[in-house]
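Take a look at the structure below.
The values are calculated or read from the model by the stated rules, or taken from the named source; none is laboratory data. Since this is a predicted model, take the numbers as computed values, not measurements. Cβ: placed from backbone, ideal geometry, glycine included. Neighbour counts: every protein chain shown. We work out accessible area using only protein heavy atoms, side chains counted, and drop any ligands, DNA or RNA first. Shrake-Rupley method; radii C 1.70, N 1.55, O 1.52, S 1.80 Å.
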Amino acid sequence: MFLKRAQILLAETWAAFHPLASQTDSKHPIFPNGIGELTMFADYRVPQILYTLGIIDYAPAILSQLKAGQLLPYGSESEIAIRAASILAVERVKEAIVDIRGPDANSDEVTSVLIDFFLWDLAKDVEAGDVVLGESRKIPPVHRTRSIWY
């Protein structure tokens, strides 16, 4: 089970009370150890942009389902594969950013939550035509799954 709503609650609370840049020496009032342990939110928008950027791939059958607007049943192999691949991909992106930044990388500056926030907004902008990614794939439809958990 992916606890997307619980993670979003924590992440939004963290963001709402995040110390200002001028207060970087102070700890977060609610999350003094940060949110580095949270993964990205297993949602529908981030896989869409990860695919477009070529970071994850969809099996041809899944891509056909998405393009046809078919619901992916909750708990189905396709739905779990998309969500799990997205979590792993964002973790790898985070690791790559930390490697590039080196030992001085601040754990509050490079988190899966912040990467998720960025990718979610990017997907919306690309889908709306406000951002063009150049030589990327065409953005696919989001996957649709009915559930009380998402």
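Residues checked against (1) closer than 24 Å to W14 by Cα; (2) at pLDDT 90 or above; (3) open to solvent by 80 Å² or more (accessible area, probe 1.4 Å):
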site	(1), (2), (3)
Y51	no, yes, no
I56	no, yes, no
P60	no, yes, yes
A85	no, yes, no
I97	yes, yes, no
D108	yes, no, no
F118	yes, yes, yes
I139	no, no, no
R146	no, no, yes
Name the pairs: first residue in the stretch 131-142 and of a type outside the set (A, V, I, L, M), second residue part of a loop (DSSP other than H, G, I, E, B), Cβ to Cβ under 9 Å, at least 6 apart or on different chains?
S136/L53; S136/G54; R137/L53; R137/G54; P140/Y58; P141/A68; P141/G69
Would you tally the residues in the stretch 128-137 being farther than 13 Å from Y51 by Cα and either open to solvent by less than 60 Å² (accessible area, probe 1.4 Å) or under 16 Å from the mean Cα position of the chain (by Cα) (or both)?
3
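Taking the stretch 66-75 as the search range and keeping residues that are over 19 Å from W120 (Cα atoms) and in contact (Cβ under 8 Å) with a residue 24 or more places away in the chain, which one is least open to solvent (accessible area, probe 1.4 Å)?
In this case the residue turns out to be L72.
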